[in-house]
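The structure under discussion appears below in the form of structure tokens.
The values are calculated or read from the model by the stated rules, or taken from the named source; none is laboratory data. Predicted, not measured: the structure shown is a model, and the values here were computed from it. Here the Cβ positions follow ideal geometry from the backbone for every residue, glycine too, while neighbour counts run over all protein chains shown. Calculation scope for accessible area: heavy atoms of the full protein, side chains included, ligands and nucleic acids excluded. Shrake-Rupley method; radii C 1.70, N 1.55, O 1.52, S 1.80 Å.
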Amino acid sequence: MSKLPFEAILEAIPLPLFLTDAQKILLWCNAVGRQILPENSPSTGFSFSEKSILGPAQSEKKVGHFDSGSSLKQYSASSFAVGSEGHVVWLFVDQSEERKKLLSQIQESAISAVGFLSSGLAHEFRNILASVDGRAQIAVYKNDIENYQKLVQLVRQQSRRGANLVRNLMTFSNSLRVRRKEYFALDQLISQAISMVQKELEHSGIRVEVELEEHLFAHIHVSEIQQSLLNLIQNAAESFIESQGTLRIVLEKAESKAQIKILDNGRGIPQKDLDKIFQPFFTTKGHGSSQPQYGSGLGITVALNCIREHRGSIKVESELKVGTCVTILIPLS
């Protein structure tokens, strides 16, 4: 007997589709769905749930991994009721390629972020060495116990300062290798991000103002959100025409979400470009500046993808010669 037209269409859809009754007994699945059913299971007539496909460890997250033959794939699950008899359609969407693209973008923006951080670290260690060298010269010239004591105190102080800089960089580097969500205080996360670049910003003549509401927790990939913030802070820092201005970062609660605002009084973004800034590789760096600036154009794209993955949103408002405001909303735990 030939298939009904609609069934033939569903059979040809390149996504796993399943139909269950009110008791979650599998009534039907399409060709792709049959490929991902557990080994040796019938194609219909058994009790069906997300656990059947994703496994018990992943079913609560609506995401699972399994071997599709040639590669390990990642699927997300969704379901919706049809009709009045309790039937449910289950749809599993392959997110493997999208995930690869996002990870690739994150890796490229990480390279840019590390370059930005390295510049600040080099400047900081140059200052540390210069201060120790200067005090050492004075101690040798004066050759008295008082100046030698001051030298020892300065060496200890600057050693702690250097150790703190390295610790911050190691924290950032280690967090990039860990991909797990955790409940994290957003004020602490933002403070850590700012501490990594504050000296470099101040050295460039950029004043940093921070206003952070405490006790706002979110369930997040800490390293990815922190890197997104660093990308946006870097973008803001590079918007100043003469490398002077004010960068303001505000964290506050907005109903059931955390609202993060990154505001600068830099050169702003032309209205004609506002719709393009989220496109990969589009950049306005160097526009209106006497100094050439180069960017990959991925920083804000990565931030957008990351925030969306956390069920959040980003909005950018800007005016030429006035400044830019980036508003991030992230659901609170």
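Between amide H atoms placed 1.01 Å from N, distances below 5 Å from residue 28 occur with 19, all of them 5 or more places distant or on a separate chain. Between residue 8 and residue 85, the C-beta separation translates, for a Förster distance of 22 Å, into a calculated FRET efficiency of about 0.40. Shown in residue order for region 308-317 are the 3J(HN,Hα) couplings computed by the Karplus curve 6.51 cos²θ - 1.76 cosθ + 1.60 at θ = phi - 60°: 4, 5, 9, 6, x, 8, 10, 10, 10, 10 Hz (x for Gly and Pro).
Sorted by accessible area with a 1.4 angstrom probe, largest first, how do 240, 184, 80, 125 fall?
So, going from the largest accessible area down, we get 80, 125, 184, 240.
Per-residue 3J(HN,Hα) values for region 142-159, derived from phi via the Karplus relation 6.51 cos²θ - 1.76 cosθ + 1.60 with θ = phi - 60°, read 7, 6, 9, 4, 4, 6, 5, 5, 5, 5, 4, 4, 5, 4, 4, 4, 6, 5 Hz in sequence order (x marks Gly and Pro).
The H on the amide N of residue 216, modeled in the peptide plane, is under 5 Å from the matching H of 186, 187, each at least 5 residues off or on a different chain.
Can you give the FRET efficiency to the nearest 0.05 for residue 166 and residue 322, using r as the Cβ-Cβ distance and R₀ = 25 Å?
Calculated value: 0.05.
Fully extending the segment from residue 47 to residue 130, taken as 0.36 nm per residue of separation minus the present Cα-Cα distance, adds 22.7 nm.
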